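The structure appears below as structure tokens.
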Amino acid sequence: MKGIKIVVCVKQIPDPEAPLGAAKVDSERKRMDVSALRQVINPFDENAMEAALRIKEESGGEVTVLSMGHKLDPSVLRKALAVGADRLVMLEDGRFEDIDAHSTAYALSAAIDKMGEYDLVLAGRQAGDWDSGQTGIILGERLGISTINLARNVKIENGYVVVEKIVPGGYEQVRAALPALVTVSNEVGAIRYPSMKMILLSRRHPVATWGAEDVEISWANIKRMGITCLMPPPDMGRQCQFIEGASPEEKGQNLAIILKREFG
């Protein structure tokens, strides 16, 4: 099959390799402050880009990289163009900050629908910041296409995507008719190094920037993550308390009650 149209979903995140001391808890806002960390493309999404480029080399076609979020940095995301992607689309809105996996998948699906025809959607198995590993699977469900996760190898054969899917102790071969979505693991291999020529060309390559209104986002479908970050006062003494309960579920509920009472 020739002319495969591939969409690769990538996330811009704070560098996972940065020193731990560079990330701090904002006690007033009760959120993590990562402003001191440089931004990078999620490493697992880079694995997905490498898989897409290999398919393009073998089967021909076009690779579109899609990123969504708040305060996206084109200089970071242009790396996708430097390694060989044909198109970069940034979906950006201030209200996309700290949204949950369902909301992210919803927004990505709206952008992919706007793009029109596609054969294969690739994404990293998880993001290197929150590591939830949910968005890709939910996105496949929203698009209504076959979804395979944890791929260590991805190929196209006669209108099917053929995947070596990681399982405990090895892998199994799975195939699905196109269009399909595959989440890619690091076993695929690291992304290739861009040449200096491609880096320079990527700086002049046009980038499509869409707002939420361009893909007709319904804000009723956008929810924020319910995460609160707390930093105990430095003079707070150490205490040990055993949480009682007849079951793990009850112990969890009792723990939540205590944390709410102590920290609000």
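Here, each number is a calculation from the coordinates, and none is a lab measurement. Model, not experiment: these values are computed from the prediction. Neighbour counts run over all protein chains shown; Cβ positions are idealised from the backbone, glycine included.
For Lys165, Lys11, Lys24, the sequence from fewest to most other C-beta atoms within 10 Å is Lys24, Lys165, Lys11. Going from the fewest other Cβ atoms within 10 Å to the most, the residues Leu122, Leu20, Leu77 appear in the order Leu20, Leu77, Leu122.
What's the local net charge at Lys11, with K and R +1, D and E -1, over the other residues with C-beta under 10 Å away? Surrounding charge for Lys11 is -2. Basic side chains Lys and Arg get +1 at the Cβ, acidic Asp and Glu get -1 at the Cβ, and with that the dipole of the chain about its Cα centre reaches some 480 debye. If the elastic network links every pair of Cα atoms under 10 Å, which of Arg203, Arg175, Arg31 fluctuates the most in the Gaussian network model of the chain? Looking only at Arg203, Arg175, Arg31, the biggest GNM fluctuation is shown by Arg31. Alpha-carbon geometry of the range 103-190: the Rg and the Dmax are 12.8, 40 Å, given in that order. Suppose only helical runs count, i.e. DSSP H with n ≥ 4. What mean residue ellipticity at 222 nm does that imply for the chain under -39500 (n - 2.57) per run, divided by all residues and rounded to the nearest 500 deg cm²/dmol? About -8500 deg cm²/dmol. Centre-to-centre, using Cα atoms only, the range 87-125 and the range 248-264 are separated by 35 Å.
Relative to the longest principal axis of the chain, what angle (0 to 90°, nearest 10) does the C-alpha long axis of helix 43-59 take? Value to nearest ten degrees: 10. Taking 18 Å as the straight-line reach from the Cα of Lys251, the aspartates and glutamates in range (excluding those fewer than 8 positions away in the same chain) are Glu262.
Less than 18 Å from a label point 7 Å out along the Cα-to-Cβ axis of Glu62: which backbone N atoms in the range 198-229 qualify, by residue? Those under the cut-off are 205-210. Our note on the geometry: Cα centres of the range 1-26 and the range 29-79, 5 Å apart. Solvent-free Debye calculation, one equal scatterer per alpha-carbon of the chain: log10 I(q)/I(0) at 0.12 Å⁻¹ equals -0.79.
For the range 1-83, which GluC sites (Glu not before Pro) are in a loop by DSSP, counting at most 13 other Cβ atoms within 10 Å? Here the GluC sites (Glu not before Pro) that fit, given the DSSP loop and packing criteria, are Glu17, Glu28.
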